[in-house]
Amino acid sequence: MANDNGDREITFDAGTITHDELEAVLNTLPVDITFVDRDNTVRYFNQPGKRIFARAKGVIGRKVQQCHPPKSLDKVNTIVEEFKGGRPDPAEFWIQMKGRVISIRFFPVRDKEGNYLGCLEVVQDITELQKLKDEKRLLD
């Protein structure tokens, strides 16, 4: 549906947002996200200013197994099968890369009835987050 400005709106339980706003929000996230559907096909990835792991638009429509190094395929397949089997919690890893600490998390995506819709991969450079101490308040 289009709003008064002619922008395509998407309606959710908690509000509406235009297509352009949603795309900008997803590209503003301080993480790389990739969505793989229930058939193990890459369907979407965001495009933040600087991705940790480069993604070419050519991966859209490919099987997730074609997007990971051969040495990690067994683990990727295991995670996906466990999610399809009902595993509720994310699979989490972290690696050292070019002097940075990179968090890689896979989350099962389910509908309201608990049916498996796919998997969300979230990659984040957590190097600076690991250095946080004490607290910093909004008004500090």
Next on the checklist: Could you give me D for segment 21-108, from Stokes-Einstein at 4 °C and 1.567 mPa s, where the hydrodynamic radius is the Kirkwood radius over C-alpha pairs? Units µm² s⁻¹, please.
Outcome noted: 91 µm²/s
Checklist outcome for this item: Output for segment 6-62: chymotrypsin sites (Phe, Trp or Tyr not before Pro) sitting in coil per DSSP, at most 15 other Cβ within 10 Å, listed by number, reads PHE53
Checklist entry - Just how many pairs of Lys in the chain have C-alpha atoms closer than 30 Å, counting pairs that are eight or more places apart or on different chains? => result 27
Checklist outcome for this item: Correct response: the longest run of the chain lacking exposed GluC sites (Glu not before Pro), defined by DSSP loop and at most 16 other Cβ within 10 Å, is 1-112
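Since every read-out is calculated from the coordinates, none of them should be taken as a lab result. The model shown is predicted, which means the values in this text are computed figures rather than measured ones. Reconstructed Cβ throughout: ideal geometry from the backbone, glycine too, with neighbour counts over all protein chains shown.
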